[in-house]
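**Student:** Below is a structure I'd like to ask you about.
Just so it is clear, none of the values below were taken in a lab; they were calculated from the coordinates. Everything quoted here is computed from the prediction, not taken from an experiment. Note: ideal-geometry Cβ built from the backbone for every residue, glycine included; neighbour counts use all protein chains shown.
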Amino acid sequence: MATPHINAELGDFAETVLMPGDPLRAKLIAETYLEDAKEVCNVRNMFGYTGTYKGKKLSVMGHGMGIPSCSIYVHELIKDFGVKNVIRIGSCGTVSDDIKLMDIVIAMGASTDSKVNRIRFNNHDFAAIADYHLLETAVSEAREQNVPVRVGNVFSADLFYSPEADLFDKMNKLNILGVDMEAAGIYGVAAELGAKALTMLTVSDHITRGEHLSSDDRQKSFHAMMQVALETAIK
Ligand code: HPA
């Protein structure tokens, strides 16, 4: 049955859903990589598609920006549409001295300034982590495809424009590889509802150096990450 935010029916989604932030990117992924893709939902223009990849049923849906938005979609996908694996495919900023634009970061864990996981856990710290099977599959796929990836901790920020002057310096010292706005939320929802989740990110911005990817390079690094994500999704 349809939910407040997803106008689809049970069975419309595959067990595995690839999730970019941007719904138009979900459309592009469906058109570029899936066969027989059909639009299965479109409330608020948050488009979702289901088709096949190498003969296996696979879905792709946007999740919007920030933990509140992605938490709604991931919650309903798992609870009401039988989704078991969520693979976020997004972009991130970095503050790390040894990470460059176009690098691919896989979020083994996700720190955050959001309170959502504390709300779930009596105000205690919850270690928001990727599902190990998805993580291991993605890393070995990347190795097989000769796609270099960095695996470690990311930071899911509530504020894109942070007023905390020393935060980026501390992130660099604590070996935070990337800054996004969703991974910790998605890992929390998956843990709460007994599903599996992974976040893969291409580095689109070097925050402290003030560098940003050109749209050409954005496309190239995204394609490399997609190949790893697609193979991971059907394993
Ligand atoms: N901050 C947070 N999220 C992001 C960024 C950033 O600099 N770049 C891409 N996603």
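**Student:** Would you be able to say whether some residue in segment 41-57 is more than 23 Å from GLY185 (Cβ to Cβ), of a type in the set (Phe, Trp, Tyr) and touching a helix residue (DSSP H, G or I) at 6+ places or on another chain (Cβ under 6 Å)?
**Tutor:** The answer is yes, given that some residue of segment 41-57 is more than 23 Å from GLY185 (Cβ to Cβ), of a type in the set (Phe, Trp, Tyr) and touching a helix residue (DSSP H, G or I) at 6+ places or on another chain (Cβ under 6 Å).
**Student:** Consider SER204 carefully, then state whether it is within 16 Å of the ligand (Cβ to nearest atom), in contact (Cβ under 8 Å) with a residue 12 or more places away in the chain and either more than 22 Å from THR16 (Cα to Cα) or part of a helix (DSSP H, G or I) (or both).
**Tutor:** yes
**Student:** Report, by residue number, each residue of segment 78-105 that is within 19 Å of LEU230 (Cα to Cα) and more than 15 Å from the ligand (Cβ to nearest atom).
**Tutor:** VAL83, LYS84, ASN85, VAL86, ILE87
**Student:** Provide a single number: the residues in segment 43-77 that are under 17 Å from PRO4 (Cβ atoms), buried (at least 24 other Cβ atoms within 10 Å of the Cβ) and away from the ligand (no atom under 16 Å from the Cβ).
**Tutor:** 5
**Student:** Right, another one. What pairs come out if I take residues in segment 28-44 that are in contact (Cβ under 8 Å) with a residue 24 or more places away in the chain and pair them with residues that are basic (Lys, Arg) and part of a strand (DSSP E or B) whose C-beta lies under 9 Å away, six or more apart or interchain?
**Tutor:** As it stands, the answer is ALA30/LYS38, since those pairs meet every condition given.
**Student:** Within 11 Å of the ligand (Cβ to nearest atom), closer than 16 Å to LYS100 by Cβ and not hydrophobic (A, V, I, L, M, F, W, C) - does that describe any residue in segment 175-188?
**Tutor:** For segment 175-188, residues within 11 Å of the ligand (Cβ to nearest atom), closer than 16 Å to LYS100 by Cβ and not hydrophobic (A, V, I, L, M, F, W, C): present.
**Student:** Here is a list of conditions, (1) more than 13 Å from the ligand (Cβ to nearest atom); (2) in contact with a strand residue (DSSP E or B) (Cβ under 9 Å, 6 or more places away or on another chain), and SER215 meets all of them except one; can you say which number that is?
**Tutor:** (2)
**Student:** So LEU167 clears everything in (1) touching a residue at least 24 places away in the same chain (Cβ under 8 Å); (2) surrounded by fewer than 19 Cβ atoms within 10 Å (Cβ to Cβ); (3) within 22 Å of LEU101 (Cα to Cα) except one condition, right? Which one?
**Tutor:** (1)
**Student:** Ok, one more. Taking ALA127 as meeting all but one of (1) more than 30 Å from LEU213 (Cα to Cα); (2) small (Gly, Ala, Ser); (3) within 16 Å of the ligand (Cβ to nearest atom), write down the number of the exception.
**Tutor:** (3)
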